[in-house]
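> This is the structure I have questions about; it appears just below.
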Amino acid sequence: MTRYAARPALPTRLLGAGAALLLGVGALAGCSAHPGQVAIVNYTDADGVSRTVAISEQEVQDAAEELGEYSAVAGDQGYSAVYVANALIDLPVIEQLGAEFGVAVTDAEALEELQQVAVDVDYSPAAVGAFRYQKLALLINTLEDQEAVGARYQELWNGISVEAAPRYQGDGGWLLQDDTQLQLG
């Protein structure tokens, strides 16, 4: 697993997330210091409590498949495993950012919207989380002071620690020990 480098500002990240949506669910290969794990996220929540979230490969794959069923009915581009992984990694940051700027999307709201489109799918918490992330990020992108939003996002992102398997970093680059990227092709 590799420590993530600093994330770009929120609007740039959302554009990158949109590009990840176009990739679709694909074959993923790579190695990890934590077999079976996509990422380990350590952060301090708004109440000052230290939290650790482990995101497994199985829950990411299942969520990507479930959201793929939603996408097939909705007629949109789909959700790749890379997108789901990055959404779940970023979810604690985007939740806190939304709370600070008065924007929220609950699990119940996300699940209701998913079930209105694809009613026969039993959505996992990871699928609901990735979908909620997308909805919340879109709402945050409509806030007026994007400079303040982006600055606060970067502060929050810098306050978390993420160890992520290279295969889920999404842009074709592999982070090396010194956080530089090696681009393939």
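The values are calculated or read from the model by the stated rules, or taken from the named source; none is laboratory data. These figures come from a predicted structure and were not determined experimentally. Glycine also receives a Cβ, built like all others from the backbone with ideal geometry; neighbour counts cover every protein chain displayed. These area figures cover heavy atoms from the full protein model, side chains too; ligands, DNA and RNA do not enter into them. Shrake-Rupley method; radii C 1.70, N 1.55, O 1.52, S 1.80 Å.
> May I ask you to verify whether Ala130 is modelled with pLDDT of 95 or more, out of contact with any Asp or Glu (no Cβ under 6 Å at 6 or more places or on another chain) and either open to solvent by less than 20 Å² (accessible area, probe 1.4 Å) or closer than 16 Å to Gly68 by Cβ (or both)?
Working: modelled with pLDDT of 95 or more: yes; out of contact with any Asp or Glu (no Cβ under 6 Å at 6 or more places or on another chain): yes; either open to solvent by less than 20 Å² (accessible area, probe 1.4 Å) or closer than 16 Å to Gly68 by Cβ (or both): yes.
Judged against the criteria, Ala130 is a match.
> Hey, can you tell me all the residues within region 104-124 that are touching a residue at least 40 places away in the same chain (Cβ under 8 Å), within 18 Å of the chain's Cα centre (by Cα) and surrounded by fewer than 20 Cβ atoms within 10 Å (Cβ to Cβ)?
Across region 104-124, the qualifying residue is only Ser124.
> Just to be sure I understand the filter: pairs with C-beta atoms under 6 Å, separated by 6 or more residues or on different chains, first member in region 135-159 and closer than 22 Å to Leu67 by Cβ, second member surrounded by fewer than 18 Cβ atoms within 10 Å (Cβ to Cβ) and modelled with pLDDT of 95 or more. Which pairs pass?
As it stands, the answer is none, since no pair meets every condition given.
> Let me confirm something: among Gln154, Gln169, which residue is open to solvent by less than 80 Å² (accessible area, probe 1.4 Å) and at pLDDT 85 or above? Write out each step before concluding.
Details: Gln169 fails: at pLDDT 85 or above.
Exactly one of Gln154, Gln169 is open to solvent by less than 80 Å² (accessible area, probe 1.4 Å) and at pLDDT 85 or above, namely Gln154.
> With the requirement that a residue be open to solvent by 60 Å² or more (accessible area, probe 1.4 Å), assigned to a helix (DSSP H, G or I) and either of a type in the set (Lys, Arg) or touching a Pro at 6+ places or on another chain (Cβ under 9 Å) (or both), what does region 50-65 give you? Before you say what the answer is, go through the steps one by one.
Keep residues of region 50-65 that are open to solvent by 60 Å² or more (accessible area, probe 1.4 Å), which gives 50-52, 58-59, 65.
So of that shortlist, the ones also assigned to a helix (DSSP H, G or I) come out as 58-59, 65.
The answer is Glu59, and nothing else.
> Another question, then. Please work out which one of (1) surrounded by 15 or more Cβ atoms within 10 Å (Cβ to Cβ); (2) over 20 Å from Val84 (Cβ atoms) is the condition Ala148 fails and give its number.
If we test Ala148 against (1) surrounded by 15 or more Cβ atoms within 10 Å (Cβ to Cβ); (2) over 20 Å from Val84 (Cβ atoms), just (1) comes out false.
> Return a yes/no flag: does region 66-84 have any residue that is open to solvent by less than 10 Å² (accessible area, probe 1.4 Å), among the acidic types (Asp, Glu), touching a helix residue (DSSP H, G or I) at 6+ places or on another chain (Cβ under 9 Å) and closer than 22 Å to Glu113 by Cα.
Within region 66-84 (the criterion being open to solvent by less than 10 Å² (accessible area, probe 1.4 Å), among the acidic types (Asp, Glu), touching a helix residue (DSSP H, G or I) at 6+ places or on another chain (Cβ under 9 Å) and closer than 22 Å to Glu113 by Cα), the answer is no, since none of the residues qualifies.
> What's the total number of residues in region 109-157 that are among the hydrophobic types (A, V, I, L, M, F, W, C) and not in a helix (DSSP H, G or I)?
Keep residues of region 109-157 that are among the hydrophobic types (A, V, I, L, M, F, W, C), which gives 110-111, 114, 117-119, 121, 126-128, 130-131, 136-140, 143, 148-149, 151, 156-157.
Imposing the further condition that a residue be not in a helix (DSSP H, G or I) reduces the set to 118-119, 121, 143.
Residues that pass the stated criteria total 4.
> Within region 154-161, is even one residue among the small types (Gly, Ala, Ser) and more than 23 Å from Ile40 (Cβ to Cβ)? First the steps, then the outcome.
First pass over region 154-161, keeping only residues among the small types (Gly, Ala, Ser): 159, 161.
Cutting the leftovers down to more than 23 Å from Ile40 (Cβ to Cβ) gives us none.
Among the residues of region 154-161, not one is among the small types (Gly, Ala, Ser) and more than 23 Å from Ile40 (Cβ to Cβ), which makes the answer no.
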